[in-house]
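The values are calculated or read from the model by the stated rules, or taken from the named source; none is laboratory data. Given the structure is predicted, the values throughout are model-derived calculations rather than measurements. Quick reminder, even Gly has a Cβ in these numbers, built from the backbone with ideal geometry, and neighbours come from all protein chains shown. Heavy atoms of the whole protein, side chains included, go into the accessibility calculation; ligands, DNA and RNA do not. Shrake-Rupley method; radii C 1.70, N 1.55, O 1.52, S 1.80 Å.
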Amino acid sequence: MTQASLLRQITAFANRANPYPLYEELRKTPVLLDEEGGPYVISSYWDIESLLHDPRISSDAANLAAAGADTANGPEQTGLPPSFIRLDPPEHDRLRRIANRAFGPPHRPRRIDGMRGELHRIVTELIDGFGDARQIDLVDQFAYPFPVTVICRLLGVPREDEPRFRAWVDPIVAGLDPETQQGVDSEFVKSAQEARMQLGMYLSGLVDQRAKEPRDDLLSDLVTSQGPDGAMTMMEVLSTSVLLLIAGHETTVNLITNGMLTLLRHPDVLQRLRDDPGLSVKIVEELLRYEPPVQLVPQRTCIADIELRGVTIPKGSRIWLVLAAGNRDPERFTDPDRFDPDREDIQHLGFGSGIHSCFGAPLARLEAQIALTELARRLGNPRLDEDPPPYRQNAVLRGPRHLNISFDELRP
């Protein structure tokens with residue numbers, strides 16, 4: 001197997017259901033240069049963790065373009081400025097601090113924790129909605145509508161508009177896949193651009209409303225923030241809102257779906273969760289290591305030469321950080337291919353690390369804990385109808401597109 005063919009196999013849809021043997025092969029060459037002019041691929045835990053904290057690694061789209069990636073007509077080019085995950089300090093830090101004032105501690109210390117009751121209500125309504133059915137598609141009937149409802153309500157999107165988001169979100173997420181970005185004229189890129197533009201136009205109307213009549217929601221806080229970093233421009237508010245809507249639910253869909261799939265493959269752990277809801281905290285952390293919803297980070301660039309394991313990665317090179325490979329690195333974790341929520345040390349890469357660590361991690365953790373606990377408690381004798389299930393196309397945000405589950409009863 002050549003280095004180039006290994007990278008192609010990792011991104012190929014045919015291997016989406018189980019990429020982990022390929023990651024094991026990848027770790028044999030922890031600093032791999034694609035032979036066809038592609039990126040340097042990093043797969044060991046310690047190297048990834050170090051590079052995520054290294055200021056010589058850039059997230060700025062301008063540096064990515066300079067490294068040879070075609071970003072001028074990519075899926076995010078719709079007139080909006082780049083979101084802060086596509087920027088480096090100091091602009092990244094300024095925008096993230098403003099967003100964080102609206103999202104969590106210390107300025108909004110109870111915004112997320114105060115949603116526990118609402119999260120339970122949404123989960124209960126969705127599970128009650130299964131009705132008399134004894135077979136469900138967990139993705140369509142639960143794992144998707146739950147987090148999209150949560151992020152819409154957190155931002156302040158009217159409930160009657162929530163169903164409109166899937167038509168926008170799906171093509172935007174598809175445009176993030178390295179495979180679909182091969183060619184700026186591809187239907188995936190065009191669809192992503194169009195969806196992102198429509199979503200931005202919709203949100204601009206909400207931003208105008210909140211500027212005139214602020215409410216107790218995240219969007220109003222973004223519009224009216226007057227902290228030490230100043231205020232976001234209206235375009236920055238729009239770009240940040242699009243980011244939060246997409247990132248605020250898509251990864252959580254995969255975390256919940258991958259989580260339930262893993263629990264159904266490990267019925268002993270599912271029974272333990274049913275008996276002890278407090279186990280959900282450790283289960284979710286191990287899931288973030290074992291089946292992370294974000295498998296790899298493909299949009300990084302070296303802005304200086306970097307020496308890594310005797311290899312010089314030249315300035316201007318593109319770098320892919322394969323988080324899921326690092327999460328199963330035997331140099332870091334004992335028996336890494338075993339799902340074990342009793343691990344004493346689960347310092348995973350599931351939410352990244354460094355300045356770009358997942359902004360919404362507290363909310364994603366809480367959503368997954370509540371969702372998996374209630375599914376375990378209320379579904380009687382749940383079982384998979386198909387294993388492996390059909391997966392999404394995306395190699396970056398990896399998760400089942402459908403997860404059909406049968407069960408004997410719906411407990412109150």
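Couple of notes before you dig in:
- Solvent-accessible surface (1.4 Å probe) assigned to H266 amounts to roughly 50 Å².
- Debye-formula intensities of the stretch 223-334, expressed as log10 I(q)/I(0) at q = 0.11, 0.18, 0.22 Å⁻¹, are -0.64, -1.02, -1.16 (one equal scatterer per alpha-carbon, no solvent).
- Here is the tail figure for the stretch 291-412: Cα pairs spaced more than 17 Å apart come to 72 percent of all pairs.
- Pairwise alpha-carbon distances in the stretch 270-342 exceed 20 Å for 49% of all pairs.
- Karplus (6.51, -1.76, 1.60) ³J(HN,Hα), θ = phi - 60°, over the stretch 261-266, in Hz, Gly and Pro reported as x: 4, 5, 5, 5, 7, 10
- You can think of it this way: the chain between K190 and E35 has 52.9 nm of extra reach, that is 0.36 nm per residue less the Cα-Cα gap.
- Ranked from largest to smallest solvent-accessible area, with a 1.4 Å probe on the protein heavy atoms, R96, R365 come out as R365, R96.
- With all protein chains in place and a 1.4 Å probe, the accessible surface of the stretch 180-278 carries 52 percent carbon and sulfur.
- Of all DSSP beta bridges in the chain, antiparallel share, percent nearest 5: 90 percent
- Rounded to the nearest 20, the size of the Cβ-charge dipole of the chain about its Cα centre is 640 debye, with Lys and Arg at +1 and Asp and Glu at -1.
- Exposure check, 1.4 Å probe, all protein chains in place: T29 carries approximately 50 Å² of accessible surface.
- Distant-in-sequence amide contacts of I306, defined by a placed amide H-H separation under 5 Å and a gap of 5 or more residues or a different chain, comprise I313, K315.
- Residues of the stretch 78-98 with amide N under 19 Å of the 7 Å Cα→Cβ point at D54: 87-89
- Note on L288: accessible area is roughly 0 Å² with a 1.4 Å probe, heavy atoms of protein only.
- Compactness relative to 2.2 N^0.38 Å, alpha carbon Rg of the stretch 102-159: 1.33
- Here the simple spin-label model places points 7 Å from the Cα toward Cβ, and for V281 and D128 these points are separated by 2.9 nm.
- Relative pair counts by distance (%), Cα atoms of the stretch 144-286, 5 Å bins: 2, 9, 16, 16, 15, 13, 12, 10, 6, 3, 0
- The fraction of accessible area contributed by carbon and sulfur in the stretch 107-160 is 45 percent, rounded to a whole number (1.4 Å probe; ligands and nucleic acids excluded).
- Percent of Cα pairs exceeding the 14 Å cut-off, where the set is the stretch 312-378: 72 percent
- Over all distinct Cα-Cα pairs of the stretch 345-405, the Kirkwood formula returns a hydrodynamic radius of 14.3 Å.
- For the Cα trace of the stretch 128-175, dividing Rg by the Kirkwood Rh returns an Rg/Rh value of 1.03.
- Cut-off under 5 Å, modelled amide H: who pairs with Y391 long-range: R401
- When you restrict to C-alpha pairs under 8 Å that are six or more residues apart and normalise by the size of the chain, the relative contact order lands at 26 percent.
- Under conditions of 10 °C and 1.306 mPa s, the stretch 264-304 yields 126 µm² s⁻¹ as its translational diffusion coefficient, taking Rh as the Kirkwood radius over Cα pairs in the Stokes-Einstein equation.
- Rounded to two decimals, the Cα radius of gyration of the chain over 2.2 N^0.38 Å is 0.97.
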